[in-house]
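J.: So that we are looking at the same thing, I have put the structure below in structure tokens.
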Amino acid sequence: MIDQMTVFLENEKGRLGSLCRTLGDAGVNMHALMIADTTDFGVVRIICDAPTKATRLLRDLGYQASTTKVAAIEAPNRPGGMADVLTCLADADANIEYAYCFGSPSHDTAIVILKIHDGDNLVDALAAQGLKALQPEDIYSPDEL
Amino acid sequence: MPQEELQELQLERLKSLLIRVYNNIDFYRDQFDAANFDPYSVESLDDLAKAPFTVKQDLRDNYPFGMFAVPKDDVVRVHASSGTTGKATVVGYTKHDIEVWGECIARDIVSCGGSSQSVFQIAYGYGLFTGGLGAHVGGETLGCMVIPMSSGNSKRQIQLMQDFETDILACTPSYAMLLADTAIEMGLNPAKDFKLSAAILGAEPCSESMRKEIERKLGVTVVDIYGLSEVMGPGVACECSYQTGLHVAEDHFIIEIVDPKTLLPVPDGEWGEVVFTTLSKDCSPLIRYRTRDISRIVPGTCECGRTMRRMDRISGRTDDMLIIRGVNVFPSQIEEVITGFSEVAPWYQIVVTKQGPMDYVELKIEVVPDFDFDEIRKIENLQNRIAAELKSNLQIAVKVRIVEPKSIERSEGKAKRVIDLRKAGASND
């Protein structure tokens, strides 16, 4: 399990841009960003190399920010790769709150981010099926560890 | 002083007051004559009900000094309202008026546990507003060590509060909350680290739940002080440490509660508009002044032993009452509901607009820093629960909107809780 940073943003022009600029200026490197949007506000979910440091920084600047534990699972970069992960979770009776993926065409694997209740046990179930869950040391910067 | 003796004193002072204003203030001579009220005919306190009322507009019409009963030479100070909604209302004080004011507030400081040994920090604004200088004269009258901070500069307030070992704080409730939160942000625990024992808060409404929160955060007893600049300033009435209503300084003021529509007095215990007659003021006396504040007389006597009757905490104002789709709503009722939710920070703003012909109410709130908002449904669930609670308590539909931290303006004086955009370009002051 790794820490995802979540930020509450009102739907206002330039708000996302200034959030990203703030993180960039602080030397935080993002791997993935996903927005759950509603009429009034968005919830921004970010996987980065320094979630604790970034959350503290944003809070000091007056953002509503917090960290949440999520599972980051490596899935093979081929048709059906994601489906395999989800089948595995369904077999383990997992309840998925939300999911998103990131990857690049040149890589053999993509990363599936999953918010699941009781995630720790499920990560073990996935490992038994040969699916690897990323650990903090795989993505955090050395300072963050 | 037993109530009978007090009433004798009131009657004696009332008789001379009515004659004095009739002879010295043109406005009252005209008013009394027009109403066929003979100030020399008063035989009992009940006769006061025959006198005409005074309203705020009367003070504006006689701007600046038309309501003074003494020559300007005898006036040692003036205070005035901000005047954002018209001409300012000006109130003058003779040396004696200031002494009476000091005595009223000195009693209030004692009744919440203070003494001449107290360190009394005043974070009400100083200036034309009566809060700062009113509390100041009270503190000096009692012999406290007064720290005249005025409002603002919160970090310095907190620094001195610690260094000078303040035991009593006087300011608005919203500023007390801001001071508490600022201290907590600075890494302090005011309830433990400060010597504070009581806070005398007034000048704006404070719900019971907001009071509890300030008490918990600061580790104090919060007493509600009441007053308005036209009548004197803070100290017209104040709670004792039993917190069961505000003892009115009845030796200096007569309180009446009237039905705001019929203007007839209501029995003790019933809610209505608060009306004051000032018994001791030399410069700016008022006869039956309609405050627009809604309260009631708390029946019975207080456990503290004081005989002065108690008025209840102000439940609203006849003029800040919002009429939303025909339903009367006081901002204090909305506050009462949202402070029941631990996820919500104590800052809120109500915005009223029109959508077509219909009133549309949006309630902006902030959530506490550790609220788990990672899943949208948790946010929606909170919004829905608050909306449902408002609906069942107030019978109105409110759109609840969570906004980012600190996007609702913090106030150092009176908090701006309601923005009514239904009248073109208008907003409440």
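Taken together, the values in this text are just the output of simple stated rules run on the coordinates, not laboratory data. From a predicted model like this one, the values you see are computed outputs, not experimental measurements. No Cβ is skipped: glycine too gets one built from the backbone with ideal geometry, and neighbour counts run over all protein chains shown.
J.: Taking the Cα centroid of the stretch B:41-115 and of the stretch B:215-265, what is the distance between the two, rounded to the nearest whole Å?
T.: Answer, in whole Å: 15.
J.: For residue A:102 and residue B:162, what is the calculated FRET efficiency with R₀ set at 41 Å and r taken between the beta-carbons, to the nearest 0.05?
T.: Details: r = 49 Å, r/R0 = 1.20.
With a Förster radius of 41 Å, E is 0.25.
J.: Expressed in whole Å with the largest first, what are the equivalent ellipsoid semi-axes of the stretch B:6-72 derived from the C-alpha gyration tensor as the square root of 5 times each eigenvalue?
T.: Over the Cα atoms of the stretch B:6-72, the semi-axes work out to 22, 14, 11 Å.
J.: Can you give the helix-only mean residue ellipticity at 222 nm for chain B, where every DSSP H stretch with n ≥ 4 adds -39500 (n - 2.57) and the sum goes over all residues, rounded to the nearest 500 deg cm²/dmol?
T.: Details: 11 runs with 132 residues, N = 429.
Calculated at 222 nm, the ellipticity per residue is -9500 deg cm²/dmol.
J.: Using only Cα atoms, tell me the angle between helix B:154-163 and the longest principal axis of chain B; keep it within 0 to 90° and round to the nearest 10.
T.: For helix B:154-163, the angle is close to 80 degrees.
J.: Kindly provide the chymotrypsin sites (Phe, Trp or Tyr not before Pro) of the stretch B:20-75 that DSSP labels as loop, not H, G, I, E or B, and whose Cβ sees at most 16 other Cβ atoms within 10 Å.
T.: Values: sites: B:22, B:27, B:28, B:32, B:37, B:40, B:53, B:65, B:68; in loops: B:37, B:53, B:65, B:68.
Listed in order of number, the matching sites are B:65.
J.: Give me B:347, B:271 ranked fewest to most by other Cβ atoms within 10 Å of their Cβ, as a rough exposure proxy. Before the final figure, lay out the partial values.
T.: Working: B:347 23, B:271 16.
Ordered from fewest to most neighbouring Cβ atoms within 10 Å, B:347, B:271 come out as B:271, B:347.
J.: Restricting to the stretch B:1-157, compute how many DSSP beta bridges are antiparallel as a %, nearest 5. Please list the in-between numbers first.
T.: Details: 5 of 9 bridges.
Expressed as a percentage, antiparallel bridges in the stretch B:1-157 total about 55.
J.: Sticking with this structure for a sec: Per residue of the stretch B:191-205, what does 6.51 cos²θ - 1.76 cosθ + 1.60 with θ = phi - 60° give for ³J(HN,Hα)? Whole Hz please, x for Gly and Pro, Karplus curve as stated.
T.: 4, 9, 6, 9, 8, 3, 10, 8, 10, 9, 10, x, 6, 7, x
J.: Right, next: May I ask which residue of B:382, B:340, B:396 lies farthest towards the positive end of the charge dipole of the stretch B:322-420, with charges of +1 (Lys, Arg) and -1 (Asp, Glu) on Cβ and the Cα centre as origin?
T.: B:396
J.: If neighbour count is taken as other Cβ atoms inside 10 Å, put B:323, B:257, B:419 in order from fewest to most.
T.: B:323, B:419, B:257
J.: Turning to a different aspect of this structure: How big is the convex hull of the Cα atoms of the stretch B:1-136, per residue, in Å³? Spell out each step's value before the answer.
T.: Values: hull volume 19.7 nm³, N = 136.
Spread over its residues, the Cα hull of the stretch B:1-136 gives 145 Å³ apiece.
J.: Restricting things to Cα coordinates, could you compute the convex hull volume per residue of the stretch B:322-369 in Å³?
T.: Values: hull volume 3.3 nm³, N = 48.
Residue-normalised Cα hull volume stands at 68 Å³.
J.: So what does the Cα-only Debye profile of the stretch B:180-285 read at q = 0.13, 0.19 Å⁻¹, as log10 I(q)/I(0), no solvent term?
T.: Taking Cα atoms of the stretch B:180-285 as identical point scatterers yields -0.62, -1.01.
J.: Using the Cα atoms as the points, what is the convex hull volume per residue of the protein assembly as shown in Å³? Present the calculation step by step, with values, prior to reporting the outcome.
T.: Values: hull volume 108.9 nm³, N = 574.
Cα convex hull per residue, to the nearest whole number: 190 Å³.
J.: May I pose another question? Given H placed 1.01 Å from N in the peptide plane, which residues other than close sequence neighbours of residue A:101 have an amide H under 5 Å from its amide H?
T.: A:113
J.: A follow-up question, please. Can you sort A:13, B:378, B:399 so the residue with the fewest Cβ neighbours within 10 Å comes first?
T.: Numbers: A:13 6, B:378 16, B:399 13.
The order, fewest Cβ neighbours first, is A:13, B:399, B:378.
J.: Relative contact order for chain A: what is it in percent, counting Cα pairs under 8 Å that are at least 6 residues apart?
T.: On the way: 247 pairs, mean separation 40.9, N = 145.
About 28 percent, as a whole number.
J.: Also, I was wondering about something else. Where the only charges are on Cβ atoms (+1 Lys, Arg; -1 Asp, Glu), what is the dipole of the protein assembly as shown about its Cα centre, to the nearest 20 debye? Don't skip to the end; give the middle numbers.
T.: On the way: 58 positive and 84 negative charges, 247 e Å.
Result for the protein assembly as shown is approximately 1180 debye, rounded to the nearest 20.
J.: Also: Quick one: if you stick a label point 7 Å off each Cα along the C-beta vector at residue B:410 and residue B:259, how many nm between them?
T.: If labels sit at residue B:410 and residue B:259, their model points lie 4.7 nm apart.
J.: Per 5 Å bin, what is the whole-percent P(r) computed from every C-alpha pair distance within the stretch B:93-317?
T.: 1, 7, 15, 20, 20, 16, 10, 6, 3, 1, 0
J.: Enter the mean projected area of the convex hull around the alpha-carbon atoms of the stretch A:22-99, in nm², rounded to one decimal.
T.: On the way: hull surface 28.0 nm².
Computing the convex hull of the Cα atoms and averaging its projections yields 7.0 nm².
J.: Give the calculated FRET efficiency between residue B:20 and residue B:193 to the nearest 0.05, with a Förster radius of 56 Å applied to their Cβ-Cβ distance.
T.: Working: r = 52 Å, r/R0 = 0.92.
For R0 = 56 Å, the calculated efficiency reads 0.60.
J.: Return the calculated 222 nm mean residue ellipticity for chain A, to the nearest 500 deg cm²/dmol, obtained by summing -39500 (n - 2.57) across DSSP H runs with n ≥ 4 and dividing by the residue count. Don't skip to the end; give the middle numbers.
T.: Values: 5 runs with 46 residues, N = 145.
Rounded to the nearest 500, it is -9000 deg cm²/dmol.
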